2 protein chains.
Amino acid sequence: MGGAGNGVARTHPVKRRTSFALAKVCKAHRGSIGELLAEHGLHPGQEMVLVELWESDGLRGGELAVRLGVEPPTVTKMLRRLEGCGIVERRPDPSDARSFRVYLTPEGRALEEPVADCWERSEERLLAGLSEEERRTFYGLLVRVRSNLVPGCGSR
Amino acid sequence: MGGAGNGVARTHPVKRRTSFALAKVCKAHRGSIGELLAEHGLHPGQEMVLVELWESDGLRGGELAVRLGVEPPTVTKMLRRLEGCGIVERRPDPSDARSFRVYLTPEGRALEEPVADCWERSEERLLAGLSEEERRTFYGLLVRVRSNLVPGCGSR
DNA sequence: CCTTTTTAGTTAGCCGGCTAATTAAATAAT
DNA sequence: ATTATTTAATTAGCCGGCTAACTAAAAAGG
């Protein structure tokens, strides 16, 4: 099958970009943590909601969207499902009839340890073979790169 | 409102994990490149199909799934849409009646330059403020980390 | 007080991703 | 040759994410 130079298929230059490598790492990482979360009946993305609520329970819907860096309709749907699973509870905000506040149920609070453990295992797998110094370097670079992508994310 | 230690809301330990930072970078990065791709009517994820086809046109559906690191049903749907947009064409594989081969249309081939440009701009934004050495280090770490997550991804 | 504008969430609908179950063709085994 | 098995792709249905359009309450202005 020696066509006119056909079949060589050298890898495309775009594949050597850092941007490309990052995209692939992202996808793989989401899959990796999703696999662990599935053990607790969670889908990737939902763990982020939990972290925000462990940190400050009773958030308003909109504030949750801001902290997650996600659009309001996404929050609406995720909360509906998490509520359906009994992980979260939505109560009206007494001071604003348009708003509501999100609270963890006991079930939601019980997920803190196992899910934190997922992160730990996920990180273990992610950083395997890297020295302590390399890990610190990697973390530092991620933080800087993140602040490039999410302007003004210093606090969150 | 000084309840029993309530309202402090220190950031949750999980948020200091490299794994967490990576997840956030991922999300932001996908959004960043998605924004650029939208200028050409593409959705994030579709650019990956294009890269594979620029590299080797006429791939079988299953092989495409493997290279993208994605499940077959995902390929089915993406290709249906890309075909609907006239970017890609599916032709039956003469040697196997269950299979098909995917070919870029002229429109699909015409996207190579503009989309490669999206990647370049995306990378620019991503790596702003990093020295050449830091960029190399970051790239190297990404590649290593990726091989932790996707065992045997040396070639792709 | 009433009107206008801003803000908070929801709905509808699309896309990329997944799993589970199905169809149909190719291959292996008898 | 017939049967059993494996493989290729699709369908159905769910989830996280998005945009656009809408509803309803709060806040600002007159």
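The values are calculated or read from the model by the stated rules, or taken from the named source; none is laboratory data. If you're wondering where the values come from, they're calculated on a predicted model, not measured in any experiment. Methodologically, a virtual Cβ is constructed for each residue, glycine included, from the backbone with ideal geometry; neighbour enumeration extends over all protein chains shown. Quick note on the areas: whole protein, heavy atoms, side chains included, nothing else; ligands and nucleic acids left out. Shrake-Rupley method; radii C 1.70, N 1.55, O 1.52, S 1.80 Å.
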Exercise for the section: Filter the stretch B:97-123 for residues that are of a type outside the set (Lys, Arg), open to solvent by 40 Å² or more (accessible area, probe 1.4 Å) and within 11 Å of DNA strand C (Cβ to nearest atom) and give the result. Expected result: B:97
Exercise for the section: Mind listing whichever residues of the stretch B:69-106 are more than 20 Å from the chain's Cα centre (by Cα), of a type outside the set (Gly, Ala, Ser) and assigned to a helix (DSSP H, G or I)? Expected result: B:106
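For the stretch B:107-144, enumerate the residues that are in contact (Cβ under 8 Å) with a residue 60 or more places away in the chain and either assigned to a loop (DSSP other than H, G, I, E, B) or at the interface with chain A (Cβ under 7 Å from one of its Cβ atoms) (or both). Don't jump to the end; show me each part of the working.
In the first step, residues of the stretch B:107-144 are kept if they are in contact (Cβ under 8 Å) with a residue 60 or more places away in the chain; the result is B:111-112, B:114-115, B:118-119, B:121-122, B:125-126.
Within the stretch B:107-144, B:111, B:119, B:122, B:125, B:126 meet the criteria.
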Problem - Members of the stretch B:10-23 found to be at the interface with chain A (Cβ under 8 Å from one of its Cβ atoms) and open to solvent by 20 Å² or more (accessible area, probe 1.4 Å), listed by number - result: B:10, B:11, B:13, B:15, B:17, B:23
Practice task
Would you check which residues across the stretch A:94-106 are within 12 Å of DNA strand D (Cβ to nearest atom) and away from chain B (no Cβ under 14 Å) and list them?
Solution key: A:94, A:96, A:97, A:98, A:99, A:100
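Could you tell me whether residue B:88 is in contact with a helix residue (DSSP H, G or I) (Cβ under 8 Å, 6 or more places away or on another chain) and within 14 Å of another protein chain (Cβ to nearest Cβ)? Lay out the reasoning, then the answer.
Details: in contact with a helix residue (DSSP H, G or I) (Cβ under 8 Å, 6 or more places away or on another chain): yes; within 14 Å of another protein chain (Cβ to nearest Cβ): no.
In short, no.
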Handout entry: Hits in the stretch B:34-80 - residues which are in contact with a Phe, Trp or Tyr (Cβ under 9 Å, 6 or more places away or on another chain) and among the acidic types (Asp, Glu)
Key = B:47, B:57
Practice task
Take the residues in the stretch B:41-73 that are open to solvent by less than 30 Å² (accessible area, probe 1.4 Å) and more than 10 Å from chain A (Cβ to nearest Cβ), then tell me which one is farthest from DNA strand C (Cβ to nearest atom).
Solution key: B:61
Completion exercise
Every listed condition ((1) within 20 Å of residue A:48 (Cβ to Cβ); (2) within 16 Å of DNA strand C (Cβ to nearest atom); (3) of a type in the set (A, V, I, L, M, F, W, C)) holds for residue A:143 save (2)
Exercise for the section: Give the stretch A:38-68 a look and list any residue that's near DNA strand D (Cβ under 10 Å from one of its atoms), within 10 Å of residue A:118 (Cβ to Cβ) and either in a helix (DSSP H, G or I) or without any contact (Cβ under 8 Å) to a residue 60 or more places away in the chain (or both), or say none. Expected result: A:47
Exercise for the section: Would you check which residues across the stretch A:77-93 are surrounded by fewer than 16 Cβ atoms within 10 Å (Cβ to Cβ) and either among the hydrophobic types (A, V, I, L, M, F, W, C) or near DNA strand D (Cβ under 9 Å from one of its atoms) (or both) and list them? Expected result: A:77, A:80, A:81, A:84, A:85, A:93
